[in-house]
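This report refers to the structure that appears directly beneath it.
The values are calculated or read from the model by the stated rules, or taken from the named source; none is laboratory data. Being a predicted model, the structure only gives us computed values, none of them experimental. Reconstructed Cβ throughout: ideal geometry from the backbone, glycine too, with neighbour counts over all protein chains shown. Remember, those area values only see protein heavy atoms, side chains included, never the ligands or the DNA or RNA. Shrake-Rupley method; radii C 1.70, N 1.55, O 1.52, S 1.80 Å.
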Amino acid sequence: MIEKRIYQLISLLKEKNMTIAAAESCTGGLLSAAITSAAGASAVFEGSIISYANRIKQKMLGVDPDILTVHGAVSEPCAKAMAEGVRRNIGADIGVSITGIAGPDGGTPEKPVGTVYIGLSFAGGTKAKRFQFDGSREEVRRQSVEQALCEVLETCFA
């Protein structure tokens, strides 16, 4: 299923003469690896920033330290700022971000393991959504990548 979405995304980006970039935290480059595993990705994928540490979110993506202090790295405002930052800094038409808690540790009652925010920045604006995924660390990461691809396809090409 994920391969089908990747090829669909690459095809649509080529058709619209658009590019995409990714900012990843909990997925650690898994989204970028999935996209670049497909033939033709080099025509549309500009690059990515793996911002696992908050310091990198601030320095490389321009996430305001106040967002991290007030809302945390796993939050809607952070996902939005990450998507905007990667789009701006890499110079792509679409910026997609993933930030979350893959587990098995790190969850709280307010943000349990499996909490993930996916952000999008594109010509139509910037938005982010919260998701709650179940399963192991790898399952949460995989589901995050699949959902990010769906969000790009449904939001940017609807």
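Residues in segment 17-42 that are assigned to a helix (DSSP H, G or I) and either out of contact with any helix residue (DSSP H, G or I) (no Cβ under 6 Å at 6 or more places or on another chain) or within 28 Å of V113 (Cβ to Cβ) (or both): L30, L31, S32, A33, A34, I35, T36, S42. Within segment 101-129, residues that are over 25 Å from G85 (Cα atoms) sit with their Cβ atoms under 8 Å from residues that are open to solvent by less than 10 Å² (accessible area, probe 1.4 Å), at 6+ positions apart or across chains, in these pairs: G103/G114; G103/V140; G107/G114; G107/T115; V113/A102; V113/G103; V113/V140. Can you find, within segment 23-42, the residue that is farthest from A92 (Cα to Cα) among those that are open to solvent by 70 Å² or more (accessible area, probe 1.4 Å) and among the hydroxyl-bearing types (S, T, Y)? Among those that are open to solvent by 70 Å² or more (accessible area, probe 1.4 Å) and among the hydroxyl-bearing types (S, T, Y), it is S37. One residue stands out in segment 140-158 among those that are modelled with pLDDT of 95 or more and open to solvent by 80 Å² or more (accessible area, probe 1.4 Å): the one that is farthest from A73 (Cα to Cα), namely E154. For segment 125-158, a residue qualifies if it is not in a helix (DSSP H, G or I) and not basic (K, R), and the qualifying residues are G125, T126, A128, F131, Q132, F133, D134, G135, S136, F157, A158. Residues that are among the small types (G, A, S), within 30 Å of A158 (Cα to Cα) and surrounded by 11 or more Cβ atoms within 10 Å (Cβ to Cβ) within segment 107-123 comprise G114, G119, S121, listed in sequence order.
Taking segment 43-74 only, how many residues are closer than 14 Å to T99 by Cβ, open to solvent by 30 Å² or more (accessible area, probe 1.4 Å) and not in a helix (DSSP H, G or I)?
So the count comes out to 5.
Of everything listed in (1) of a type outside the set (K, R); (2) modelled with pLDDT under 95; (3) assigned to a loop (DSSP other than H, G, I, E, B), the single unmet condition for E3 is (3).
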